[in-house]
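**Student:** Take this structure first; my questions come after.
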Amino acid sequence: MKTSAKHRFSRVPVVAIALLGGLSVRSSEAQTANAKGKISRNMYRIPYGNTVSVTMNQDYIDHGNTPAGDTGSMDLVGPGTPAILAAAAGTVIAVNDNLNGCGCNAAYGPCANVIQIQHANDEVSTYLHIAQNSATNNNIFLNTVVTQGQQIGVEGDVGWTCGGGSAPRTSPGCNSPVNIVPPGTTNCGPHLHWNVVRAATGERVNPMTCAISNNIYVDGAGYTAAACTTAGCPTDNSVSSLTLNAFGEWRVFQADDQVTASTVTVTNFGSLVLHAGNSVRMTPGFLADAGGYVRAEIGACNTTAFAPPAAATAAIEDLQPIDLWYETEGY
């Protein structure tokens, strides 16, 4: 829902969320290429095998994303040549793994192998730099249906990659052939460059991720990959005395039963998701100001909550808990 007004939550709802002024529930979004702090609608896993230790070399912000203009992608690095897994269930809509050239030079930009998967809620994940033939060897082709955690390839260094890995390689056959290594090109660096995009708008959003602290990646942090599970959430969760007022301030609160939020302010590209099994309650003192991103949704812990079709709107008080999806943005 796009709005330029402030939204104050002034009473405790009976079922889920109460708002002033007849606001409605929508899954539609502003048409903008810049996500400006939005968090993915789907819950993703770390796209590596269980127990594999990975490092976030550049997160959603530090890979170049700013409120003025973004990339919104991430660079993950695993040990050796680890398997790459589908971060969520979906259908392969693009795949190319026949290239093998690499180098730390923009000339190699068009030369990266890639897999794209269409997921629920109009989101697409993209996996770049996978090793040559690694998708094909795992029977990943156009229109292949994959499950969350299914292997789709192997981490590689194909394309424009930088690091302390192998020496640059020529890459005949890519869209902009690099048949001779350009002067000054330095070594390649194996990693997975990936992102999540809302297909209808082209917005790159920060992937809400299970089995990590706060469900949001942090630049420079190490993680142990694990499957998404409904275990481990508190029965209830409460949020109070919280202010999110800058781009890069992300918080996700989950609970098996209910999340309650009070004395909370979200503004100036701050981002908040409230995700509960049965109800989300915003009590007096909750303020979603212009420029902030707030989403409240009903879904089991560490699972995706499905948005209604874009045309489906209803007063929030009329929704049943299973149908709840409220999303507001002030920009």
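**Student:** Taking region 232-248 only, how many residues are assigned to a loop (DSSP other than H, G, I, E, B), without any contact (Cβ under 8 Å) to a residue 60 or more places away in the chain and under 13 Å from Phe269 (Cβ atoms)?
**Tutor:** Summing the residues that are assigned to a loop (DSSP other than H, G, I, E, B), without any contact (Cβ under 8 Å) to a residue 60 or more places away in the chain and under 13 Å from Phe269 (Cβ atoms) in region 232-248 gives 2.
**Student:** Having 2 or more residues that are out of contact with any Asp or Glu (no Cβ under 8 Å at 6 or more places or on another chain) and at pLDDT below 95 is the bar; report the strands (runs of 3 or more DSSP E) wholly within region 107-220 that clear it.
**Tutor:** Answer list for region 107-220: 192-198.
**Student:** Also: Got at least one residue in region 70-86 being modelled with pLDDT under 70 and either under 22 Å from Leu274 (Cβ atoms) or out of contact with any helix residue (DSSP H, G or I) (no Cβ under 8 Å at 6 or more places or on another chain) (or both)?
**Tutor:** Yes: region 70-86 contains one or more residues that are modelled with pLDDT under 70 and either under 22 Å from Leu274 (Cβ atoms) or out of contact with any helix residue (DSSP H, G or I) (no Cβ under 8 Å at 6 or more places or on another chain) (or both).
**Student:** Quick one: which of Gly153, Gly149, Gly173 is over 28 Å from Met43 (Cα atoms) and not charged (D, E, K, R)?
**Tutor:** That would be Gly173, the only listed residue that is over 28 Å from Met43 (Cα atoms) and not charged (D, E, K, R).
**Student:** A further question on this structure: Which residue is surrounded by the most Cβ atoms within 10 Å (Cβ to Cβ), if the candidates are limited to region 268-307 and must be assigned to a strand (DSSP E or B) and in contact with a Pro (Cβ under 8 Å, 6 or more places away or on another chain)?
**Tutor:** Going through the qualifying residues, I end up with Met282.
**Student:** Which one is farthest from the chain's Cα centre (by Cα), of the residues in region 96-130 that are surrounded by 22 or more Cβ atoms within 10 Å (Cβ to Cβ) and among the β-branched types (Val, Ile, Thr)?
**Tutor:** Ile130
**Student:** Report, by residue number, each residue of region 186-231 that is acidic (Asp, Glu) and more than 20 Å from Glu155 (Cβ to Cβ).
**Tutor:** Glu203
The values are calculated or read from the model by the stated rules, or taken from the named source; none is laboratory data. On a predicted model such as this, the values are computed, not experimentally measured, just so you know. FYI the Cβ positions are ideal-geometry reconstructions off the backbone, even for glycines, and counts take in every protein chain you see.
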